[in-house]
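See below for the structure under consideration.
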Amino acid sequence: MIEFKGSHIISRSRQELWPILQDPAVLKRCIPGCEELVLNGEHLYDVRLKVGFGMIKGSFQGTVQLTNMVEPERYVLNIKAEGRTGFAHGTTRIQLLPHPSPAATEIRFESHLQVGGMIASVGARLCQGAARMLAEQFFRELEKCLRN
Amino acid sequence: MIPVAFDYHRPRTLEEAVDILRQYGDEAKVLAGGHSLIPALKLRLAAPKVVVDISRLPGLSEVRRSGSGLSIGAGVTHHQLMVDPLIAKLCPLIARTAPEIGDVQVRNLGTLVGSICHADPAADWPAPLLALEAQVVIVGPEGERTLHINEFIEGMLTTRLAGHEIVREVVIPRAYPASCAYKKIRQSASGFAIAGVAVQLEKKNRKCSSIAIGVTGVAQRAFRARLIEKSLQGAELDEKTIAQAARQVTEEVNDFLSDLHASAAYRAALAQVLVQRAVLAALAA
């Protein structure tokens, strides 16, 4: 089980940010290695990812589902993905908190991920670092998206 | 397991190797000692279309003098670094780190340059190379460029090396004295560092006139312990001063690794102890 949490300040209000975080086009751009993301039900997306660190690369297929949604405060992101080198599934609780400056939001996240298969048996010691780097990449891309 | 099929190239010159990489870019992977790449291939965690073997390229398997320092070619193995007389004379920290790496098989085939290109956060070499201000010389289709080791390694398993580039050598820009040490706690199966600390210092009378401390294995990437260095610079190095300075290791970075081998708190504690041991060993050397 990989557990990690973090927070990020985004220069948009919660009301503005809420729909952006569900926009398939934005998600596709921001999820690291996302090759395909298609809406396939209420708050349910089919995804295809190619994730890699250095020479270690893997292709994954799965779903992302948003549940327990309380606009514009919080929701839960459920991820299920599997590929030839292993699988990952887990939940991330996301909270949007008002930030002292009016046009900003603090996004807090807390992830619990289960990783299995080949990746887990040989790369367990790298999984937490990998998950953290992917989260950082997501927010970096989101900021880029919002600037444009 | 059996790797996914790939094309194997063994170019005769570095230019030819760069040319192959220019054609295939990220689809290609350079093979030197193979002690990171081959396991990843066999587990199918890596599946490059093309493998470019540079292990027998002429001139790359040498340690040479370079200015007042020395150069370590991309084909130089860990074992060579243990026994090379030039290394022992000009850069003893390298000679003292090499025997701590992996096991006999890894040391006989694995290379220093291969290790830094793979950029495993638990690899040993980044710690001494950071302390020695090493420079990484990269060749590609557009020519040559040099990066400081600190810029070269970006993070876990990632470097600034582009897909069409090769690291030709690592340059240690000057000679260093014998007052140095590398101390680590190894993971017993892999030999990787759960925590590793390299210290290079210089002393005048009883005072420390300069000190460089590289720490590996405990965070997403290796780092220089700048706060500890600052506290010890110019100080008289007794056990109490060193122990006090070493406590600051928890302030050096905020991403201590936590995995099945060691929690973040345990790694921070190990790093603190190893800093003390390495500084004391460097003083005694």
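The values are calculated or read from the model by the stated rules, or taken from the named source; none is laboratory data. From a predicted model like this one, the values you see are computed outputs, not experimental measurements. Neighbour counts run over all protein chains shown; Cβ positions are idealised from the backbone, glycine included. SASA here: full protein model, heavy atoms, side chains in, ligands and nucleic acids out. Shrake-Rupley method; radii C 1.70, N 1.55, O 1.52, S 1.80 Å.
For region B:242-271, how many residues meet the condition of being more than 14 Å from chain A (Cβ to nearest Cβ) and in contact (Cβ under 8 Å) with a residue 40 or more places away in the chain? Count: 3.
Determine whether region A:95-118 contains at least one residue that is under 25 Å from B:Ala219 (Cα atoms), within 14 Å of chain B (Cβ to nearest Cβ) and in a helix (DSSP H, G or I). Yes - at least one qualifying residue is present in region A:95-118. Of all the numbered requirements in (1) surrounded by 23 or more Cβ atoms within 10 Å (Cβ to Cβ); (2) assigned to a helix (DSSP H, G or I); (3) more than 14 Å from chain A (Cβ to nearest Cβ); (4) of a type outside the set (Lys, Arg), B:Ala95 misses one, and that requirement is (1). Taking the conditions exactly as written (under 17 Å from the mean Cα position of the chain (by Cα), within 14 Å of another protein chain (Cβ to nearest Cβ), surrounded by 20 or more Cβ atoms within 10 Å (Cβ to Cβ) and of a type outside the set (S, T, N, Q)), does B:His78 satisfy them or not? So B:His78 fails the test.
Being part of a loop (DSSP other than H, G, I, E, B) and more than 14 Å from every other protein chain (Cβ to nearest Cβ), is that true of even one residue in region B:40-51? Within region B:40-51, none of the residues are part of a loop (DSSP other than H, G, I, E, B) and more than 14 Å from every other protein chain (Cβ to nearest Cβ).
Of all residues in region B:135-165, those satisfying the criterion of being away from chain A (no Cβ under 14 Å) and assigned to a strand (DSSP E or B) are B:Gln135, B:Val136, B:Val137, B:Ile138, B:Val139, B:Gly140, B:Gly143, B:Glu144, B:Arg145, B:Thr146, B:Leu147, B:His148. State yes or no: is B:Ile194 under 23 Å from B:Asn254 (Cβ atoms) and either touching a residue at least 60 places away in the same chain (Cβ under 8 Å) or open to solvent by 10 Å² or more (accessible area, probe 1.4 Å) (or both)? Answer is yes for this residue.
Rundown of residues vs (1) surrounded by 20 or more Cβ atoms within 10 Å (Cβ to Cβ); (2) more than 14 Å from chain A (Cβ to nearest Cβ), yes/no style:
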residue: B:Ala88; (1), (2): no, yes
residue: B:Cys91; (1), (2): yes, yes
residue: B:Pro99; (1), (2): no, yes
residue: B:Val106; (1), (2): no, yes
residue: B:Leu112; (1), (2): yes, yes
residue: B:Ser115; (1), (2): yes, no
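Among the residues in region B:201-218, are any of a type in the set (A, V, I, L, M, F, W, C), assigned to a loop (DSSP other than H, G, I, E, B) and open to solvent by less than 50 Å² (accessible area, probe 1.4 Å)? Looking for residues that are of a type in the set (A, V, I, L, M, F, W, C), assigned to a loop (DSSP other than H, G, I, E, B) and open to solvent by less than 50 Å² (accessible area, probe 1.4 Å), one finds at least one in region B:201-218, hence yes. If the condition is being aliphatic (A, V, I, L, M) and open to solvent by 50 Å² or more (accessible area, probe 1.4 Å), then region B:23-42 contributes only B:Ile38. Residues considered: A:Arg125, A:Arg140, A:Arg48, A:Arg74. Of these, the only one that is without any contact (Cβ under 8 Å) to a residue 24 or more places away in the chain, surrounded by 14 or more Cβ atoms within 10 Å (Cβ to Cβ) and within 14 Å of chain B (Cβ to nearest Cβ) is A:Arg125. Each residue in region B:52-69 was checked for being part of a loop (DSSP other than H, G, I, E, B) and of a type in the set (A, V, I, L, M), and 3 of them qualify.
Only residues that are within 19 Å of A:Glu71 (Cα to Cα), assigned to a loop (DSSP other than H, G, I, E, B) and in contact (Cβ under 8 Å) with a residue 12 or more places away in the chain were counted in region A:22-40, giving 1. Note on region B:118-154: residues that are under 16 Å from the mean Cα position of the chain (by Cα) and on the phi > 0 side of the Ramachandran plot amount to 2. Among the residues of region B:257-285, those that are closer than 21 Å to B:Ser188 by Cβ and at pLDDT below 95 comprise B:Leu257, B:Ser258, B:Asp259, B:Leu260, B:His261, B:Ala262, B:Ser263, B:Ala264.
In region A:57-64 there is at least one residue that is within 14 Å of chain B (Cβ to nearest Cβ), within 29 Å of B:Arg160 (Cα to Cα) and either within 13 Å of the chain's Cα centre (by Cα) or open to solvent by 50 Å² or more (accessible area, probe 1.4 Å) (or both). Pick from region B:2-34 the residues that are assigned to a loop (DSSP other than H, G, I, E, B) and closer than 24 Å to A:Gly52 by Cα: which of them is nearest to the other protein chains (Cβ to nearest Cβ)? The residue in question is B:Val4. Looking at the structure I just gave you, is B:Glu229 under 15 Å from the mean Cα position of the chain (by Cα), at pLDDT 95 or above and either more than 14 Å from chain A (Cβ to nearest Cβ) or not in a strand (DSSP E or B) (or both)? Criteria not met by B:Glu229.
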